[in-house]
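Below: one structure, written as structure tokens.
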Amino acid sequence: MLVSMDKLLNKAKKEKYAVASANVFSDRSVKACFEAANNLNAPIIISATSYVPMEEIALLVNYYKDKYENVSVSLNLDHGSDFDVAMRAIRCGFTSVMIDKSTLEFEENVRYVKEVVKAAHAVGVSVEAELGHVGKGFEYDETRDSGLTRTDEAFDYVKKTEVDALAVAVGTSHGVYKGVPNLDFDLLNDLSNIVNVPLVLHGGSGTGDDKLKKAVQCGIQKVNLSTDLSGAYISSCSKYIKEAGEIIDKDFNVTYKGNRTVFTNTCLDMGLNGYRDLLSHYIELFGGKGKA
Ligand SMILES: [Zn+2]
């Protein structure tokens, strides 16, 4: 069943677990999300940025939601850059949009996000927004401290914008970390006490199981995963190619004894398996198993 994200996250908040939010990029990554959620009887959030074909992803999600009737799934726009992108996602059938104006000043951020909330709520779509700024892993050592969410702003921000979920910056980062992830759990605890809507942790990849588990215990209800999952997909494909003993010549032609279509499909299916298995691990880690 395709539902709005606030339904999944409010249940998670009440029952103290987090829903895994998996960034997808293709048909097999979407299928992997449904397989993982179905196998574990868990809710799942499928997230797509505007860098992937949103229309196509929405069609795939609609296709698989009928195949996997027991799966509670939300389709979420990740890091929507502006009002137009958010509206496009809603038109495609997304049930949640994240609008990211975290680099703007507080009042500007509020003003922009409020407009999206008004439009989205009118058609039953939930909204996530970010306060503070979760930066990029390659500059983690320089930017980790400057972007942290401020407790004195968080309550006001949620009240003024009426967002359904708040992405907070508590020491995680997008992509591959330069240095060791250092999460401020005291800050997270404080934010969890101050804010009455579900909290979102961006930059789950590479953070480490122990820290992610603790973040969930401290009040996170949605953990975003992208880099780790695409990494698992690619490494599973590569492993298959290596083990199959394929030879790729200087013109990148694959010489293969059998059927190349079968080979290609099998290779991509191995990617799906790698993505699904790692996602399943995270769903269990966050306590989502059996919570559909
Ligand atoms: Zn993010």
All but one of (1) touching a Lys or Arg at 6+ places or on another chain (Cβ under 9 Å); (2) modelled with pLDDT of 95 or more hold for Y282, so report the exception by its number.
(1)
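Residue-by-condition table, conditions (1) within 13 Å of the ligand (Cβ to nearest atom); (2) of a type in the set (F, W, Y); (3) touching a strand residue (DSSP E or B) at 6+ places or on another chain (Cβ under 9 Å):
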position: H133; (1), (2), (3): yes, no, no
position: R144; (1), (2), (3): no, no, no
position: A165; (1), (2), (3): yes, no, yes
position: H174; (1), (2), (3): yes, no, yes
Unique residue being more than 13 Å from the ligand (Cβ to nearest atom) and open to solvent by less than 50 Å² (accessible area, probe 1.4 Å) when the list is V123, V127
V127
Can you pull out the residues in region 96-120 that are away from the ligand (no atom under 16 Å from the Cβ) and under 17 Å from S50 (Cβ atoms)?
Y112, V116, A119, A120
Unique residue being modelled with pLDDT of 95 or more and on the phi > 0 side of the Ramachandran plot when the list is E108, E115, E162
E162
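The values are calculated or read from the model by the stated rules, or taken from the named source; none is laboratory data. Since this is a predicted model, take the numbers as computed values, not measurements. Note that each Cβ is placed from the backbone with ideal geometry, even for glycine, and that neighbours are counted across all protein chains shown. Please note that ligands, DNA and RNA were not included when accessible areas were found on the heavy atoms of the full protein model with its side chains. Shrake-Rupley method; radii C 1.70, N 1.55, O 1.52, S 1.80 Å.
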